[in-house]
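Asker: Okay, handing you the structure first.
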Amino acid sequence: MQKIHQCIEQIAASAQPLAASGRLADYIPALREVDPSKFGIAVATLDGALYTTGDADEPFSIQSISKLFALVFALRLVGDDLWERVGRLPSSSPFNSLIELEKESGKPRNPYLNAGALVVSDLLSSRNTQMEMAVVDLVRKLSGNPAIAYDPRVAAGEFECAHRNKAAAHLMKSFGNFHNPVDAVVSAYCSQCAIAASCKDLAAAALFLANGGIDRDGRQVLEPRQVHQICALTMSSGTYEASGETAFTIGLPIKSGVGGGVLAVVPGFGTVCAWSPPLDATGTSAAGLKAVELFALSMKKTVFA
Ligand code: GLN
């Protein structure tokens, strides 16, 4: 539909200036070097169409967006048993906070906090010798792009600085909620976060969530009940302590990452992914989130009718 293309071009023009209000993630060395003016949007729809603007084809570091795909993997593997080791409650703490973890006996509030994602990595590591490659493979299959890989330089740089993530893993180990060697799992987690994919890839990869769990090739990736669980969690925790506000203003399941990607699911319609590296104070792309908000607003005004 020509209208969708026009719409995302207008959105790009309105949202991109917000990048000036954000700052690049500086605690992962390679992310400091990214060009802050990059900006792209991709929209994938259930009829198989894809609409893009700007740098939507350029791979970027997906960081915490990878947590969504790791969660898909874990739910496929162990189903509801996952919830014995990680909760599904929102948190008002930042993604790398350890405060609740100590108070709540080493059970992270949700799988999108770093501690929760580390439990998921630990669980996947117990069943895969290279859990990061299992996540890479899943993203490749779901997106239809076999060239997707993780960037070892980004991963190695993060591992060197991953003091909080290592601390979270040790803390959980002290409570019996972490089974594998800390360094091995944190290293695999850093590699998973260092997956490089474009807006186009991510919009395509998440499309099954807008389609009751069925992917482009008709495969049932998750049961509809699990899709509901992931969408609910992504809406309530996908942008960390900003999730309540994000749900209030946008009202969609949205996952962000400190690489500047913002991925949203529009159930029954499709997906939208925006990328702009400068982040707001909670670690979500300032312009990327605005782009998704404007997209959601356009849909409500039924410009595509
Ligand atoms: N790899 C990052 C970290 O562990 C992911 C954080 C994010 O994207 N919010 O800190």
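Asker: Given points 7 Å out from each Cα along the Cα-Cβ axis, report the Q130 to E104 separation in nanometres with one decimal.
Answerer: 3.4 nm
Asker: Can I ask one more? Within a 10 angstrom radius of the beta carbon, how do V34, V272 rank from fewest other beta carbons to most?
Answerer: Final ranking by Cβ density, sparse to dense: V34, V272.
Asker: Using the number of other C-beta atoms within 10 angstrom as an exposure proxy, rank Y240, Y112 with the fewest first.
Answerer: The most exposed by this proxy come first: Y240, Y112.
Asker: Here's another thing I want to ask about it. For Q10 and R225, FRET efficiency with R0 = 41 Å and r from the beta-carbon atoms, rounded to 0.05?
Answerer: Efficiency for this residue pair is about 0.65.
Asker: Sort 184-190, 23-29 by packing, meaning the average of other beta carbons within 10 Å per residue, with the highest value first.
Answerer: So the order, starting with the most tightly packed, is 184-190, 23-29.
Asker: Of R127, R140, R164, how do they rank once you tally other Cβ atoms within 10 Å and put the fewest first?
Answerer: R127, R164, R140
Asker: Give me the aspartates and glutamates in straight-line cross-link reach of K255: C-alpha distance below 15 Å, same-chain residues under 8 apart excluded.
Answerer: Partners found: D201, E241, E245, D280, E293.
Asker: Please figure out what share of the DSSP beta bridges in the chain is antiparallel and state it in percent, rounded to the nearest 5.
Answerer: The answer is about 100 percent antiparallel.
Asker: Looking at this model, which pairs from K107/K173; K107/K141; K3/K67; K166/K200 are more than 22 angstrom apart at the alpha-carbon?
Answerer: K107/K141; K3/K67; K166/K200
Asker: Straight-line reach from K38: which aspartates and glutamates have Cα under 13 Å away, leaving out those fewer than 8 places along the same chain?
Answerer: Correct list for K38: D55, D57, E58.
Asker: Using a 4.7 Å Cβ cut-off, which Cys residues in the chain lack a partner cysteine?
Answerer: C7, C161, C190, C193, C231
Computed from the coordinates by the stated procedures, all read-outs in this text should not be read as laboratory data. Since we're looking at a predicted model, the values are computed, not measured. Ideal geometry is used to build each Cβ from the backbone, glycine not excepted, and the neighbour counts take in all protein chains shown.
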